[in-house]
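The values are calculated or read from the model by the stated rules, or taken from the named source; none is laboratory data. Only a predicted model underlies this, so the values are computations on that prediction, with no experimental measurement involved. Reconstructed Cβ throughout: ideal geometry from the backbone, glycine too, with neighbour counts over all protein chains shown. Side chains included, ligands, DNA and RNA excluded: accessible areas come from the protein's heavy atoms. Shrake-Rupley method; radii C 1.70, N 1.55, O 1.52, S 1.80 Å.
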Amino acid sequence: MNLQSPRNESRPQTRLARGDGVALWRQIERRLADEIEQGVFAAGARLPTEAALSKRFQVNRHTVRRALATLADRGLIRVEQGRGTFVREDVLDYALSKRTRFSANMQALNRRPGGRLLRTLVLPAEAAIAAELELAEGAPLLLIETVGEVDGMPVSVGAHYFDAQRFPGLIDAYERTGSLTPALRQCGLADYTRKRTRVSSRLPDGGEADLLQMPKTRPILVAESLNVDPDDRPCEYGLARFAAHRVQILVEN
């Protein structure tokens with residue numbers, strides 16, 4: 001994703017009204033706010049540097065800095081130390097309910113869901129995951145790792161664990177369908193529901209930050225979940241990591 005547009009860095013000079021009683025920083029703030037509202041700077045986009053804005057508006061950096069501080073106070077932008085100033089993204093409500101489905105959640109918000117497969121593999125179950133899935137430690141597991149996207153923006157990294165003996169064709173089915181629910185259906189599981197979700201927060205590691213295109217200094221939400229089949233038998237253990245500045249958890253009764 002291109003967070004910085006050369007077109008935005010090199011916008012032509014903007015003439016401000018001088019001597020009409022409206023402070024220059026206020027005029028800059030209003031102009032940038034209008035451009036954010038009009039989509040000139042999209043959600044998540046990096047704004048031009050202070051130097052570029054100073055040149056555009058023909059003012060000193062202190063004037064630009066005051067305008068940006070006001071935009072930040074209004075919640076329109078966010079400043080990341082060492083990275084720049086960004087248009088604040090809309091925060092998505094990610095609903096946790098009896099049937100929690102990523103694509104369905106995003107479609108309900110009139111957003112475009114997407115994603116990509118990171119890797120699939122078979123591995124022995126460590127003790128904690130084996131206990132969740134009611135398997136013996138060391139039993140073979142299928143792992144499917146994905147990145148979930150909304151309107152082209154990465155919002156989550158997911159690790160999905162399944163009993164390899166129960167779902168031997170799941171990886172092939174997922175690669176055909178690109179989605180877990182239809183893949184599980186092809187493997188004989190017509191429905192599954194969320195039994196519990198445990199949500200915590202922490203800072204991302206380097207790999208998570210890269211995949212989510214976010215700094216390591218901003219928190220992520222970690223949702224540890226267990227899905228069960230209609231007989232209340234565990235069928236999936238999941239670990240989803242969400243960019244906390246893009247997603248908030250909504251619990252539905």
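Multiplying the sequence separation of Arg218 and Ala159 by 0.36 nm and subtracting their Cα-Cα distance, what value in nm do you get? Before the final figure, lay out each step's value.
Values: separation 59, 0.36 × 59 = 21.24 nm, distance 2.07 nm.
Gain on stretching Arg218 to Ala159: 19.2 nm.
Let's test the formula: R0 of 45 Å, r as the Cβ-Cβ distance of Ala42 and Arg99. What FRET efficiency results, to the nearest 0.05?
Computed FRET efficiency for Ala42 and Arg99 comes out at 0.90.
Select from Leu135, Tyr174, Val222 the residue farthest towards the positive end of the dipole of the chain; place +1 on Cβ of Lys and Arg, -1 on Cβ of Asp and Glu, and compute about the Cα centre.
So the residue furthest toward the plus end is Val222.
Using amide H atoms built in the peptide plane, which far-off residues or other-chain residues are under 5 Å from Leu118 H to H?
Glu145, Thr146, Val147
Considering only DSSP states other than H, G, I, E and B, which GluC sites (Glu not before Pro) in segment 162-253 qualify as loop sites with at most 13 other Cβ atoms within 10 Å?
Values: sites: Glu175, Glu208, Glu224, Glu236, Glu252; in loops: Glu252.
Hits after loop and neighbour filter: Glu252.
Label points 7 Å out from Cα along the Cβ direction at Ala128 and Leu226: separation in nm?
Distance between the two pseudo-spin positions: 1.4 nm.
If you roll a 1.4 Å probe over the chain with all protein chains in place, what percent of the accessible area is carbon or sulfur? The partial results should precede the final answer.
Values: 6210 of 13260 Å².
Carbon-and-sulfur percentage of accessible area, whole number: 47.
Using only the Cα atoms of segment 1-150, what are the Rg and Dmax in Å?
That works out to 23.2, 78 Å for Rg and Dmax.
Taking a probe of 1.4 Å, how large is the accessible area per residue of segment 47-151, in Å²?
Working: 5530 Å² over 105 residues.
Value for segment 47-151: 53 Å² per residue.
Rolling a 1.4 Å sphere over the protein heavy atoms, what is the accessible area per residue of segment 152-250, to the nearest Å²? Write out the running numbers ahead of the final one.
Numbers: 4420 Å² over 99 residues.
Spelled out: the 1.4 Å probe surface of segment 152-250, per residue, equals 45 Å².
For segment 187-253, how big is Rg over Rh, using alpha carbon atoms and the Kirkwood form of Rh? All intermediate terms of the calculation are to be shown ahead of the outcome.
Details: Rg = 14.5 Å, Rh = 13.4 Å.
Result: Rg/Rh = 1.08.
Expected output is a single nm value to one decimal: the length gained when fully extending between Ser201 and Gln186, i.e. 0.36 nm times separation in residues minus the C-alpha distance. What is it? Could you put the intermediate results ahead of the total?
On the way: separation 15, 0.36 × 15 = 5.40 nm, distance 3.44 nm.
Going from the current span to full extension adds 2.0 nm.
Treat the chain as a sphere of radius equal to its Kirkwood radius over Cα pairs and apply Stokes-Einstein at 4 °C in a medium of 1.567 mPa s; give the translational diffusion coefficient in µm²/s, rounded to a whole number.
Details: Rh = 20.7 Å.
Roughly 63 µm²/s, to the nearest whole number.
With Kirkwood's inverse mean 1/r over C-alpha pairs for Rh, give me the Rg to Rh ratio of segment 32-117, two decimals please. Can you show the working numbers first?
Values: Rg = 17.1 Å, Rh = 15.2 Å.
For segment 32-117, the value is 1.13.
Among Ser179, Ser200, Ser225, which one shows the biggest mean-square fluctuation in a GNM of the chain, springs joining Cα atoms closer than 10 Å?
Comparing Ser179, Ser200, Ser225 in a Gaussian network model of the chain, the most mobile one is Ser200.
Where the centroid of each part is defined by its Cα atoms, how far is segment 17-34 from segment 121-144 in Å?
60
Where Lys and Arg each count +1 and Asp and Glu each count -1, what net charge lies around Arg99 among other residues with Cβ under 12 Å from its Cβ? Please list the in-between numbers first.
Working: positive: Lys98, Arg101, Arg194, Lys195; negative: Asp191, Glu252.
Residues close to Arg99 contribute a combined charge of +2.
Can you give the local net charge around Ser200? Use residues other than it whose beta-carbon is closer than 11 angstrom to its beta-carbon, Lys and Arg +1, Asp and Glu -1. Show your work: numbers first, answer last.
On the way: positive: Arg198, Arg202, Arg241; negative: Glu224.
Once positives and negatives cancel, what remains is +2.
Taking only Cα atoms and a 10 Å spring cutoff, compute GNM fluctuations for the chain and point out the largest among Pro12, Pro113, Pro204.
Looking only at Pro12, Pro113, Pro204, the largest GNM fluctuation is found for Pro12.
Can you give the convex hull volume of the alpha carbon atoms of segment 161-223 per residue, in Å³?
Values: hull volume 7.3 nm³, N = 63.
Spelled out: Cα convex hull of segment 161-223, divided by residues, is 117 Å³.
Within a Cβ distance under 11 Å of Ala128, other residues only, what is the Lys/Arg minus Asp/Glu net charge?
Summing Lys/Arg as +1 and Asp/Glu as -1 gives -4.
Which one of Arg83, Arg31, Arg233 has the biggest mean-square fluctuation once the chain is modelled by GNM with Cα springs under 10 Å?
Highest fluctuation of the listed residues: Arg83.
Sort all Cα-Cα distances of segment 101-159 into consecutive 5 angstrom bins from zero, then give the percent of pairs in each bin up to the one containing the longest distance.
It works out to 4, 18, 20, 16, 13, 14, 10, 5, 1, in whole percents.
Rounded to whole Å and ordered largest first, report the semi-axes of the equivalent ellipsoid of segment 139-253 derived from its Cα gyration tensor (root of 5λ). If you can, show how the numbers build up before the last one.
On the way: eigenvalues 139, 52, 33 Å².
The three semi-axes for segment 139-253 are 26, 16, 13 Å.
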